[in-house]
Structures are given as structure tokens and as C-alpha cells.
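Student: Below are the C-alpha cells for one structure; questions will follow.
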Amino acid sequence: MKTPRAAGLVVVFLSISAMALVAAEGNWQRRVPGADRQRVNPYAGQPEAIAAGHLLFKENCAKCHGSDAEGRHGRPSLRSQHVTHATDGELAWLLRNGSLAKGMPTWSSLPEQERWQIIAFIRSLPHDAAPAPAGSRP
Ligand code: HEC
């Protein structure tokens, strides 16, 4: 009676791999290769780049993420800790590749310079307030 047991193990193994795959797909950040993650924004903090990025954001991104970038209709805020803690390189990877299965388009049609300008703009936004620690509320 070895075969049914082996088949059972194969099924367990396959479902674990499938779950791992779904989890990896669930968070775009896990798909970013190491070399991309390290990339640095050549326009970081430059006022002209931030202004250009703001215009590009209004044109391309505001309809989903809101003109204040706080997210809308289930599209995430870009002022969140998740975005604040992502590296420039990770954001650049996301803009180039999108997260198509979740409804985030690819922006590879924009010149790379414009994608960096948008990232410089995102970095200039105020961050969402962190949730107040329990017990600190009146
Ligand atoms: C058609 C709607 C749509 C447009 C337009 C759009 N996005 Fe998104 N965006 C999404 C969705 C949906 C997600 C969530 C993707 C996911 O969870 O994998 C997302 C995720 C993101 C994230 C990651 C947020 C997080 O917390 O993980 C960033 C950064 C982002 N978008 C930036 C932009 C920028 C910059 C633009 C304009 C160039 C843009 N998006 C245009 C729908 C959109």
C-alpha cells in the first residue's frame, strides 16, 4: 500500500508549492530581483524633478491613487508605510513591470527619466500618520 501514501505526499507537496506561489504573487515586492532593488534614483530630492513628477502623477496615476495619492476605490495609498519603506529601486521595478494581476498597469511606455521623476514626487509626499499606539487615545 505504498502508492496511495506517496500520492498523498505529492498532493501535499503540490498544494504547499501552489500556496507559496500565490503568496509570492500577492506581494509585488517579493518579485523584485536583488539588483533592481539596489537601484538609486538619480533625481532624488531635486525640486524640478519633483515638480515634473507631480504633473506626470496627475496625468497618469491620480485616477486610481487619488490626486492626493491617498488611494481610492481599493487602490492603495502611496503614502503608506509599505510604500515609504520600499526602496527607490523596488518602486522603479513596479513602475516598469506593473502588478497586472492586481490591476496596477505597467508604465514601461514612459521614458525611464519620467518614472524616476514620479518616484521623486512620491518620496516628497507626507506620510500617512502611523496608527496611534493603544491606550494613547482619549
Ligand atoms: C488602473 C489603476 C491604476 C493606475 C492608473 C495606477 N495604479 Fe498604481 N496600483 C494600482 C493597484 C490596483 C495597485 C495594487 C497592486 C498590488 O497590490 O499588487 C497599485 C499599486 C501601486 C504601488 C504599490 C503600493 C503598495 O502599497 O504596494 C505603487 C507605488 C503605485 N501603484 C504607483 C503608481 C504610479 C506612480 C502610477 C502612475 C504612473 C500608478 N500607480 C498608476 C492601480 C493603479
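The values are calculated or read from the model by the stated rules, or taken from the named source; none is laboratory data. A quick note: this is a predicted structure, and the numbers were derived from the prediction, not measured. Neighbour counts run over all protein chains shown; Cβ positions are idealised from the backbone, glycine included. Remember, those area values only see protein heavy atoms, side chains included, never the ligands or the DNA or RNA. Shrake-Rupley method; radii C 1.70, N 1.55, O 1.52, S 1.80 Å.
Student: Considering only residues that are open to solvent by 60 Å² or more (accessible area, probe 1.4 Å) and among the small types (Gly, Ala, Ser), which ones fall in the stretch 30-43?
Tutor: Ala35
Student: Contact list please: Cβ distance under 7 Å, first residue in the stretch 43-61 and farther than 13 Å from Ile119 by Cβ, second residue more than 9 Å from the ligand (Cβ to nearest atom) and open to solvent by 60 Å² or more (accessible area, probe 1.4 Å), pairs at least six apart or on different chains.
Tutor: Lys58/Ser67
Student: Right, next: Would you confirm, using the coordinates I've provided, whether Trp116 is surrounded by 18 or more Cβ atoms within 10 Å (Cβ to Cβ), more than 11 Å from the chain's Cα centre (by Cα), farther than 17 Å from Gly71 by Cβ and within 7 Å of the ligand (Cβ to nearest atom)?
Tutor: no
Student: Give me the residue from the stretch 1-43 that is at pLDDT below 75 and of a type outside the set (A, V, I, L, M) and, out of that set, nearest to Pro76 (Cα to Cα).
Tutor: That would be Gly26.
Student: To continue, here is another question. Would you point out which residue out of Leu78, Leu110 is in contact with a His (Cβ under 7 Å, 6 or more places away or on another chain) and under 21 Å from Ala51 (Cα atoms)?
Tutor: When all the criteria are applied, what remains is Leu78.
Student: Residues to consider are Pro105, Pro111, Pro76; find the one that is away from the ligand (no atom under 11 Å from the Cβ) and without any contact (Cβ under 8 Å) to a residue 12 or more places away in the chain.
Tutor: Result of the check over Pro105, Pro111, Pro76: Pro111.
Student: Report yes if some residue within the stretch 42-52 is aromatic (Phe, Trp, Tyr) and near the ligand (Cβ under 9 Å from one of its atoms); otherwise report no.
Tutor: no
Student: Give Gly66, Gly89 a once-over and let me know the one that is in contact with a Lys or Arg (Cβ under 7 Å, 6 or more places away or on another chain) and in contact (Cβ under 8 Å) with a residue 40 or more places away in the chain.
Tutor: Answer to the selection: Gly89.
Student: Just to be sure before I move on: is Ala129 in contact (Cβ under 8 Å) with a residue 12 or more places away in the chain, under 25 Å from Gly74 (Cα atoms) and either open to solvent by 70 Å² or more (accessible area, probe 1.4 Å) or within 11 Å of the ligand (Cβ to nearest atom) (or both) in the structure I sent?
Tutor: For Ala129, the condition - in contact (Cβ under 8 Å) with a residue 12 or more places away in the chain, under 25 Å from Gly74 (Cα atoms) and either open to solvent by 70 Å² or more (accessible area, probe 1.4 Å) or within 11 Å of the ligand (Cβ to nearest atom) (or both) - is not met.
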